[in-house]
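The values are calculated or read from the model by the stated rules, or taken from the named source; none is laboratory data. In this text the structure is predicted, and so the values were computed from the model without any measurement. Note that each Cβ is placed from the backbone with ideal geometry, even for glycine, and that neighbours are counted across all protein chains shown.
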Amino acid sequence: MCRSGARRVSKRRIKIEPVLLRKSNRATVVLGRVRSGLRAPGSGRVPGSRGFTMVELIVAMTILMILTAIAAPVMRITIQRAKERELRRDLWMMRDAIDRYKDAADRGAFQTKVDSQGYPPDLDTLVKGVDANGKKMRFLRSIPVDPMTGKDEWGLRSMQDDPDSDSWGGQSVFDVYSKSEGTGLDGTKYKTW
């Protein structure tokens with residue numbers, strides 16, 4: 001208030017709230033409490049302000065971190081499960097191609113080496129195909145990429161190899177397996193699939 005009793009006009013809004021201090025028989029003394037635009041009582045916020053308080057931001061970040069911590073392992077397992085599904089599909093596809101080659105060789109559709117027992121000499125033969133009575137017989141479109149190693153190199157076994165052998169004798173391809181040293185979600189090595 002100015003000396004003349006007139007209120008000074010400022011650009012900031014000022015609200016005067018009456019506060020009861022003392023009540024007597026004769027008169028009530030009322031003083032004004034000035035509320036400026038600093039903070040609303042009990043809220044910790046400036047009236048008319050927008051945004052979040054620090055506590056709200058910390059709570060929101062904590063919730064996001066907890067959700068991320070829960071989702072990360074689930075995503076890893078989902079990705080690994082998808083790779084395992086692809087590995088099983090690729091192994092089945094190549095083994096099926098080897099079996100179809102063997103069936104065609106046993107029927108006499110084309111000539112094979114004597115010591116091969118009707119199995120293909122390598123995986124490329126399944127892709128390139130063999131001549132059968134003037135026609136080209138293909139058994140596999142392409143050699144798939146091993147999803148566990150990221151390469152199109154597969155472990156090969158021939159009939160003459162030991163079942164647990166990691167080296168290929170080179171006579172023919174009886175079976176294929178992954179060269180990955182990893183372990184699947186079921187606890188078995190990818191090599192044994």
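Here are a few things to note about the model shown:
- Meets criteria (without any contact (Cβ under 8 Å) to a residue 40 or more places away in the chain and aliphatic (A, V, I, L, M)) for Ala97: no
- Within segment 79-88, the presence of at least one residue that is under 34 Å from the mean Cα position of the chain (by Cα), more than 17 Å from Trp193 (Cβ to Cβ) and either modelled with pLDDT under 90 or not aromatic (Phe, Trp, Tyr) (or both) is confirmed.
- Asp152 vs. criteria in a loop (DSSP other than H, G, I, E, B), at negative phi, out of contact with any Pro (no Cβ under 6 Å at 6 or more places or on another chain) and surrounded by 14 or more Cβ atoms within 10 Å (Cβ to Cβ): no
- Those residues of segment 89-121 which are surrounded by fewer than 15 Cβ atoms within 10 Å (Cβ to Cβ) and part of a loop (DSSP other than H, G, I, E, B), in sequence order: Gly108, Gln111, Lys113
- Single match in Leu156, Leu123, Leu140 (criterion: closer than 15 Å to Met93 by Cα, in contact (Cβ under 8 Å) with a residue 40 or more places away in the chain and touching a strand residue (DSSP E or B) at 6+ places or on another chain (Cβ under 8 Å)): Leu123
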